[in-house]
Each structure stands twice: as C-alpha cells, then as structure tokens.
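Below: the structure, in structure tokens.
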Amino acid sequence: MSESATEVVTGAGVLAVALGFLVFAGQGIGLTGGGDHYELTASFRSVEGVSVGTDVRLAGVKIGTVTSLALNPQSFFADATITVKNGVNIPDDSTILVTSEGLLGGSFVEILPGGSPDDLAPGQEIEDTQGAVSLIALLMKFVGAAAGNGDAASTTQ
C-alpha cells in the first residue's frame with residue numbers, strides 16, 4: 001500500500017471514531033432523536049441551581065433530564081420541560097420539586113409519585129410543583145426568629 005493510501009485510511013478511521021464520539025456524546029445529553037423518552041412540563045416559582053441537563057430522579061434513580069428552562073412573562077414563573085424514560089409512568093397527581101443533594105451538593109429535580117390510577121400523557125403538565133429553597137433565606141429566617149424570641153424573653157422577665 002502506498003503512503004497516500006495509508007494516510008487516507010488513517011484519516012477515515014479518525015473521522016469514524018470522531019463521529020462515533022459525537023453520537024455517543026449527543027445521546028448522553030439528549031440531543032439525538034429516538035423514541036426512548038417522552039416530555040412533560042412544569043412551572044416553578046424558583047429553579048435556582050437547576051439548568052438544562054440537570055437530572056430528574058424518582059426514588060433516587062435518574063429517570064430523565066431537564067431539557068429546557070424559560071421565564072414565563074405572564075406568571076413570572078420558570079417553565080421547565082423535562083424528558084422521562086419510556087416505561088416510567090408518572091401518576092397525574094404527582095409532585096415535582098427542586099431539591100439538593102445536601103448542604104453543599106448540587107440541585108436536581110425530584111418527582112414524588114401520587115396515588116392516581118391515571119398517568120400523565122406525553123406533553124402534559126405536572127401541576128403540583130415546589131421550587132428551590134434558598135439556604136440563605138432559611139438561615140435568615142432562623143436567625144430572625146431566634147433574635148425575636150430572645151427579645152421577647154428578655155422583656156417578659
């Protein structure tokens with residue numbers, strides 16, 4: 001085989017590997033098509049810590065991802081679109097909430113299944129939502145309540 005034929009074969013091999021990597025990466029972030037998932041929507045007061053690609057979990061198991069986030073100009077809520085794996089049926093009275101993995105952990109979206117015998121169809125909205133809770137806001141409420149209780153105790157004695 002001549003030197004130029006070897007270069008062509010090597011170049012084709014490199015391109016094939018690169019294309020395979022792109023397809024694999026696209027599947028990992030949900031860019032490629034395929035009927036292995038369906039979409040649901042939800043509207044949150046706050047999606048702090050959530051971005052496109054954030055995990056959607058049920059009972060601690062990843063069942064999907066967040067595929068889009070947009071501000072609703074009428075309600076000033078964050079409209080989210082999520083994908084859920086086919087075969088995972090979500091009852092129509094389920095709750096979806098933004099939660100964190102711990103004090104310093106990242107955020108994810110969790111679905112708490114309801115007890116309805118009817119499931120959400122693709123494209124439907126999960127109406128019962130709970131937005132992200134700010135740790136700073138909770139600490140400020142706690143400190144404010146403790147300070148308020150301390151003042152009340154000192155004035156009653």
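Key figures for this structure:
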| item | result |
| --- | --- |
| Output for segment 107-127, where each listed residue is over 13 Å from the mean Cα position of the chain (by Cα) and among the acidic types (Asp, Glu) | 118, 119, 125, 127 |
| Residues within segment 107-157 that are part of a loop (DSSP other than H, G, I, E, B), surrounded by 10 or more Cβ atoms within 10 Å (Cβ to Cβ) and modelled with pLDDT under 80, tallied | 4 |
| Verdict on residue 101 being over 25 Å from residue 119 (Cβ atoms), touching a strand residue (DSSP E or B) at 6+ places or on another chain (Cβ under 9 Å) and in contact (Cβ under 8 Å) with a residue 40 or more places away in the chain | no |
| So residue 51, is it surrounded by fewer than 16 Cβ atoms within 10 Å (Cβ to Cβ) and not in a strand (DSSP E or B) | yes |
| Among (1) surrounded by 15 or more Cβ atoms within 10 Å (Cβ to Cβ); (2) more than 13 Å from residue 132 (Cα to Cα); (3) touching a residue at least 40 places away in the same chain (Cβ under 8 Å) - the single one residue 79 does not satisfy | (3) |
| Pairs, first under 27 Å from residue 64 (Cα atoms) and surrounded by 10 or more Cβ atoms within 10 Å (Cβ to Cβ) in segment 11-31, second modelled with pLDDT under 65 and β-branched (Val, Ile, Thr), C-beta under 8 Å, six or more apart | 23/32; 26/32 |
| Tally, over segment 95-106, of residues that are within 16 Å of residue 59 (Cβ to Cβ) and either more than 16 Å from the chain's Cα centre (by Cα) or loosely packed, with under 14 Cβ neighbours inside 10 Å (or both) | 1 |
| Qualifying residue in segment 31-45 (condition: part of a helix (DSSP H, G or I) and at pLDDT below 75) | no |
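The values are calculated or read from the model by the stated rules, or taken from the named source; none is laboratory data. Note that the structure is a prediction, hence the values are computed from the model and not measured. Every residue, glycine among them, receives a Cβ derived from its backbone with ideal geometry; neighbour counts consider all protein chains shown.
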